[in-house]
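Here is the structure we will look at, set down as structure tokens.
We did not get these values from a lab; they are worked out from the coordinates using the rules stated. This is a predicted model, so every value here is computed, not measured. Reconstructed Cβ throughout: ideal geometry from the backbone, glycine too, with neighbour counts over all protein chains shown.
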């Protein structure tokens, strides 16, 4: 393939996907694939008014890591493209394996960049290798799906793979034809890594008998992607009447065939940012959710998450772990506070005439505490004093949250149970300055999901001012 034809082929594929004047960040390792991508995009950028920058992630694993960062800086300087070098520490994630840890950190760095698109240099051979790796790991249809050329994201940059339909052989020919320079990561020659073993030993052997195997494997990945889309379409149909407020109706699972129920449960878990359980874990989860007696307290733990069943619905949340029952946190007017006992964030929203009276709350130090037992609260001026235990049950607060909810005190008086009720004595009068306290999910599970998504390889108001009462908090 001539260099011009190569360039025009990439331009034709990218132009409909990337609007003019888009900002594109290039993931630059310094290897031949990303060096070619950098060269190509800097040629195409003026034509489409794209604004380019690059990011090199410095893992610090190799003794040559500093030299690689300097090499990338030189490449970008030659094209007048801004480069950011992100230093990451692999040590905290080392138990996941060096490859996986480096990949997670790399893609987490990409996900937080201020740009419209992150461009990565994955190509057809990567697609074939990924399919084989996923099949050897026992992946399902979604796991074996092809990496898309464009993956749109809501809360992070869109992911673009301009070279996805280009082979590695074509990339090497292009680099040679244009006299490009690149670096070689010495770990790429180590076939102790699964991908390197496939690349250097298994695939060349397969090519002797099946010369087009890389292309056909990539085509199979596309077929898996189409099948995955159809399964998602089916899951969306099943989910429409079954999923509400991030919970799933158990009766919906019980009414479906086993494969279809598994598909719906996988879809539900994916929709809230939970990791995919292994097949055995998913079957066990489904069995317990659908088969346990009605009053059983079902809780299935996997991958740092918990799946619960409560009052006929399925809840999934990050495992909260242990917590300090003596936790006391002062509130001094902050707009937001993290509440570690539930992995949630407390939002204090100013308003007038509704919620907790600021004047009354300022009579004594305001603190956030946990239940100790025996708490009472009067939810309306004309209501009787109620035990907090009964109120939590009547508000259908799941049992695993009841001891972890934040209670707002003014001195030694209970003023508010966040997400449940405000004590009548502290409710704001008409026109009075007040705050409304609500709970919202912390972002870390979604950030983790976003990082994984980049990994192509592998209240109703029952009393005034309670805020939005979440059906559950994850």
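Coordinate range of the alpha-carbon atoms in segment 135-261 per principal axis, descending: 61, 36, 25 Å.
Mind ordering 277-288, 411-422 by average Cβ neighbours within 10 Å, highest first?
The peptides rank, most packed first, as 411-422, 277-288.
Evaluated at q = 0.11, 0.19, 0.21 Å⁻¹, the base-10 log of the normalised Debye intensity for segment 328-453, with identical point scatterers placed on the Cα atoms, takes the values -0.39, -1.07, -1.28. Scaling the Cα radius of gyration of the chain by the globular reference 2.2 N^0.38 Å produces a ratio of 1.18. By other beta-carbon atoms within 10 Å, ranking 84, 308 with the fewest at the front produces 84, 308. Estimated from helices alone, the mean residue ellipticity of the chain at 222 nm is -11500 deg cm²/dmol (sum of -39500 (n - 2.57) over DSSP H runs with n ≥ 4, per residue). Entry note, segment 241-318: relative contact order of 32 percent, from Cα contacts under 8 Å with a spacing of 6+ residues. Listed peptides 327-340, 160-173 appear in the order 160-173, 327-340 once ranked by packing, highest mean of other Cβ atoms within 10 Å at the front.
Assuming a ≥ b ≥ c are the square roots of the Cα gyration tensor eigenvalues, decide whether segment 241-318 counts as rounded (a/c under 1.5), prolate (otherwise, with a/b larger than b/c) or oblate. It is rounded, given that a/c, with a ≥ b ≥ c, falls under 1.5.
Maximal additional length on extending the residue 64-residue 369 stretch stands at 104.7 nm, based on 0.36 nm per residue less the C-alpha distance. With contacts taken as Cα pairs under 8 Å at a separation of at least 6 residues, segment 328-453 carries a relative contact order of 38 percent.
Kirkwood radius for segment 3-215, taken over all pairs of different Cα atoms as the inverse mean of 1/r, rounds to 18.1 Å.
Residues of segment 351-377 with amide nitrogen under 20 Å from the 7 Å Cα-to-Cβ point of residue 325? Taking a point 7 Å out along Cα→Cβ of residue 325, the residues of segment 351-377 whose backbone N falls under 20 Å are 368-376.
Could you check what % of the DSSP bridge pairs in segment 3-215 are antiparallel, to the nearest 5? Display every interim value, and only then the final one.
On the way: 2 of 18 bridges.
For segment 3-215, the DSSP antiparallel bridge percentage is about 10.
Protection proxy ranking for 247-255, 149-157, using the average of other Cβ atoms within 10 Å per residue and placing the highest first: 247-255, 149-157. Before anything else, pin down the relative contact order of segment 3-215: Cα pairs under 8 Å, at least 6 apart, normalised by residue count, whole percent. Once divided by the residue count of segment 3-215, the mean separation gives 24 percent.
Taking every DSSP beta bridge that has both ends in the chain, the antiparallel portion is near 75%.
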